[in-house]
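What follows is a single structure, written as structure tokens, with notes after it.
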Amino acid sequence: MDTYDYVIVGGGTAGCVLANRLTATGSDSVCMLEAGPEDRYLWIHIPIGYGKTMFHPVYNWGFETDPDPGMDGRRIYWPRGRGLGGSSSINGLIYVRGQPEDYDRWALAGNRGWGWRDVLPYFIRSEGNERGASATHGDDGPLRCSDIADRHELIEAIIAGANELGVPRTDDFNGGVQEGVGYYQLFTHKGWRCSTADGYLKPARGRRNLAVETDAHATRVLLDGARATGVEFRRGGASRRVTARREVILAAGALQSPQLLLLSGIGPAPQLQSFGIPVVRDLPGVGENLQDHLQLRLIYRCTKPITTNDDLASWWRSMKIGADWLFRRKGPLAIGINQGGLFTRVMPHSATPDIQFHFATLSADLAGAKPHPFSGFTMSVCQLRPTSRGQVRLASPDPLAAPSMQPRYLSTDEDRSYAVAALRYARKLAATRALAPYIAGEFRPGATAQSDDELLAFARAWGATIFHPSGTCRMGGDPMAVVDDRLRVRGVEALRVVDCSIMPTLVSGNTNAPVVMIAEKASDMIVEDARS
Ligand SMILES: Cc1cc2nc3c(=O)[nH]c(=O)nc-3n(C[C@H](O)[C@H](O)[C@H](O)COP(=O)(O)OP(=O)(O)OC[C@H]3O[C@@H](n4cnc5c(N)ncnc54)[C@H](O)[C@@H]3O)c2cc1C
């Protein structure tokens, strides 16, 4: 049995950050267990490969939710990255931090040290922005981010249309004021994806105090009474153990960190007992508080053959975009799918943006699926601070089985009102002078959806995840909280959770940069706590 100071479970977004930071001084040893493989697949690294990894059986867990009553009983496809870099290896590369108010809300709820002023230094420390450093940005951090080099006629028309509606153009959604319309920055460097495996793990890989075990599926946390002492994992059918002198850190993501706690006897006692798992610590909040952004995708037929659908349908245009990437590291291959963004308000009571758009110059039935055989583009809109709450539970005591996931999308009046308001706003945008000339027709929802009920029916029939499940090991000080504000599992010694699951409330935007910030901050807390 091997022994290390720290054992990290999950070599994903947060795991790779922790592996780097905790081994930096050379004094502590770390073992990181990752269920998936090394990130050797070429399409992980070329930004447009998003489409290739979206349904990949090896690099993607390819989960499905339970039938969701709010979504016509549909199971919603929930991709999650599998392998080094985790979801940062397969995500849409969009760099958004959320709003300062998101973090101030966490602090106001009693989480000391998580207000915007506290977390901003960690966003800056992590950031390697090609634009250079400023009061709010960093340029030498491991997480590289870049501008989209090319301007697209369609995105320019959308920006001009949003200007007509009073939304100003911005070139920085992360500078403190989020409201605006413009191009996203991406987690790319010179045309290649920058996952946390690229940015954080690769530079640390040669350190003698870091062991990275891939194809190592953790099956439970080993406990001595209420103290975590190590992790049991499975590789190639054999069960093995690794011991942690100081701490075990779960970074398996918002779906599998709560699953591991439950498998280890930490969670709601009635649920554990129903699966015959001895209760180590009755923590009723494990797996609760599941939140996600629901994306509603409006698809338009374009009047001009200028969309990525057209590029991919033509062999010579495909050759050209291939050559563009090969020789200039530019063009559609250097971009994930979405290029344009817009944050604005649709509810009179909102003091800050309450909806976000992702604009893609292509269209498909599902994000990442085969493009439509016509010139099409997508305006995907989501409510930024949903009030619906779901949960993750065990589906079986088998640690290799997927957990049960129930998002309960659209289960509150507020979220249903937002769905309708957001769709109406999107149509207003489509009808602007600047954009209307590019629209040959609305393919989806389509002209028959006009009343509130019809729009809501569209949301239920076609709504999908925008891939941000979080909150299932919520940070806080109340009985339903799972970790405290130093991310220690309440009532268990030497065990932390550091990933998307600790968010008390979902941030107003994409979640990759916030998870990196969480892991950066956690690494400082872990080192400080060890010293004291
Ligand atoms: C398709 C997609 C598109 C997205 N697009 C964007 C975007 O454009 N911008 C953005 O900001 N965010 C985006 N996100 C969200 C963002 O990437 C995630 O919120 C973030 O990466 C989550 O980080 P994490 O560390 O919590 O989990 P992950 O990065 O998912 O890491 C968890 C890791 O743990 C491993 N693991 C799980 N269980 C076990 C086990 N039992 N034993 C060992 N290892 C285990 C997994 O294989 C994985 O590597 C997207 C996500 C997806 C899936």
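Laboratory data are not the source of any read-out in this text; all were calculated from the coordinates shown. Since we're looking at a predicted model, the values are computed, not measured. For neighbour counting, all protein chains shown are included, and Cβ atoms are generated from backbone atoms with ideal geometry for every residue, glycine included.
Charges on Cβ only, +1 for Lys and Arg, -1 for Asp and Glu, centred on the Cα centroid of the chain; of H293, M71, I94, which one is farthest towards the dipole's positive end? Farthest towards the positive end: I94. Counting only Cβ charges, +1 for Lys and Arg and -1 for Asp and Glu, the dipole size of segment 113-258 around its Cα centre is about 1280 debye. Compared with the dominant Cα axis of the chain, that is its longest principal axis, helix 315-328 is turned about 60°. Globularity index of the chain is 0.93 (Cα radius of gyration / 2.2 N^0.38 Å, N = number of residues).
Beyond a 28 Å Cα-Cα separation, which of these cross-linked pairs lie in this structure: K52/K320; K202/K370; K52/K202; K190/K320; K202/K330; K52/K428? Before the final figure, lay out each step's value.
Working: K52/K320 20 Å; K202/K370 32 Å; K52/K202 23 Å; K190/K320 18 Å; K202/K330 24 Å; K52/K428 33 Å.
Among K52/K320; K202/K370; K52/K202; K190/K320; K202/K330; K52/K428, the Cα-Cα distance tops 28 Å for K202/K370; K52/K428.
Stick to Cα atoms and the Kirkwood definition of Rh, then tell me Rg/Rh for segment 55-164. Could you put the intermediate results ahead of the total?
Details: Rg = 18.8 Å, Rh = 17.7 Å.
Value, to two decimals: 1.06.
Need the full-extension length gain, A351 to F55, defined as separation in residues times 0.36 nm minus the C-alpha distance. One decimal, nm.
Contour length minus the Cα-Cα distance gives 102.8 nm.
The residue among Y184, C145, V242 whose Cα reaches farthest toward the positive pole of the charge dipole of segment 134-246, with charges on the beta-carbon of Lys, Arg, Asp and Glu, is V242.
In debye, nearest 20: dipole of segment 174-313 around its Cα centre with unit charges on the Cβ of K, R (+) and D, E (-)?
Values: 18 positive and 12 negative charges, 135 e Å.
In debye, rounded to 20, segment 174-313 gives about 640.
Report, in whole Å, the centroid distance computed from the Cα atoms of segment 167-203 and segment 270-340. Each part reduced to its Cα centre gives a spacing of 15 Å. Only helical runs count toward this figure. For the chain, summing -39,500 (n - 2.57) over DSSP H runs of n ≥ 4 and dividing by all residues gives -7500 deg cm²/dmol at 222 nm.
To one decimal place, what Kirkwood hydrodynamic radius in Å is obtained for segment 481-532 from all pairs of distinct Cα atoms? Spell out each step's value before the answer.
Working: mean 1/r = 0.0855 Å⁻¹.
Kirkwood hydrodynamic radius for segment 481-532: 11.7 Å.
Quick one: check the C-alpha center-to-center distance for segment 465-511 versus segment 1-74, whole angstrom. About 17 Å separates the Cα centre of segment 465-511 from the one of segment 1-74. Full extension of the segment from I306 to R205, taken as 0.36 nm per residue of separation minus the current Cα-Cα distance, would add 32.0 nm.
Put a plus charge on the Cβ of each Lys and Arg, a minus charge on the Cβ of each Asp and Glu, and nothing anywhere else: the dipole of segment 414-528 about its Cα centre is then about 420 debye.
Considering the options G446, A494, A461, tell which one lies farthest towards the positive end of the dipole of segment 409-532, charges being +1 on Lys and Arg and -1 on Asp and Glu at the Cβ, about the Cα centre. Positive-most Cα among the choices belongs to G446.
Give the relative contact order (percent, whole number) for segment 180-333; include only Cα pairs under 8 Å separated by 6+ residues. It would help to have the intermediate numbers written out before the result.
Numbers: 145 pairs, mean separation 20.5, N = 154.
Computed value for segment 180-333: 13 percent relative contact order.
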